[in-house]
1. What angle, in degrees between 0 and 90 and rounded to the nearest 10, separates the Cα long axis of helix 77-91 from the longest principal axis of the Cα atoms of the chain?
2. Arrange Lys110, Lys46 by Cβ neighbour counts within 10 Å, fewest through most, would you?
3. For q values of 0.09, 0.12, 0.16 Å⁻¹, compute log₁₀ I(q)/I(0) with the Debye formula on a Cα-only model of the chain, without solvent.
4. In what order do Leu73, Leu50, Leu28 fall by count of nearby beta-carbon atoms within 10 Å, going from fewest to most?
5. Could you work out [θ]222 nm for the chain from helices alone, using -39500 (n - 2.57) per DSSP H run of at least four and dividing by all its residues? Round to the nearest 500 deg cm²/dmol.
6. Got a sec? How would Asp29, Asp58, Asp91 order by Cβ neighbour count within 10 Å, fewest to most?
7. Work out the length of the dipole vector of the stretch 10-134 about its Cα centre, built from +1 on the beta-carbon of each Lys and Arg and -1 on the beta-carbon of each Asp and Glu, and round it to the nearest 20 debye.
8. So for the stretch 10-134, if I pair up every lysine 8 or more residues apart or on another chain, how many of those pairs have alpha-carbons under 15 Å apart?
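Please treat every number below as a calculation from the coordinates, not as lab data. For clarity, every value in this text was computed on a predicted model and none was experimentally measured. All Cβ positions, glycine included, derive from the backbone under ideal geometry; neighbour counts span all protein chains shown.
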Amino acid sequence: MMALYEPPLRETARYDYFDAEEIADDMLDFSSGYFYNGARMGPVSKVIDLTVVTWVMDFQENLFIRFCRYSGLKDPWKEKITEQMKIMMRDISISEGFIRRRLVDFEVGKEEFFKREPFEKKFLELRSRMKSVRD
């Protein structure tokens, strides 16, 4: 019997919501976080759809949000979340040293998983904190 094709976990959509081009100053404190939603494509499937929101807020309260969707094999899902955070931090000009220090203890946990409606509500609440939305 021939096995079904199992695609790797790939990004299928990306949306950036940034208050500024880059972080004001990575030497000064910034906060960051993530949350996600996902589901298997069938009861015993190894293929998933995963939606991840990562965010960084600098000391000037500029908010940087990245919303990504992934689809494919579930195995590397935790690594995808960490990778998304790392790439976003690079994209907003946080130095490699600060990224490494921030992510050394970064662990993806189930407490940041939200079902669809609470996930959407959390995303909308986060977006409403953006300067560009408040002004």
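1. 30
2. On the way: Lys110 6, Lys46 13.
The fewest-first ordering by Cβ neighbours comes to Lys110, Lys46.
3. -0.29, -0.50, -0.83
4. Leu28, Leu73, Leu50
5. Details: 4 runs with 40 residues, N = 135.
Helix-only estimate at 222 nm: -8500 deg cm²/dmol.
6. The fewest-first ordering by Cβ neighbours comes to Asp29, Asp91, Asp58.
7. That gives the stretch 10-134 a dipole magnitude of about 680 debye.
8. Details: Lys46/Lys74; Lys46/Lys78; Lys74/Lys110; Lys78/Lys86; Lys78/Lys110; Lys80/Lys110.
Value for the stretch 10-134: 6.
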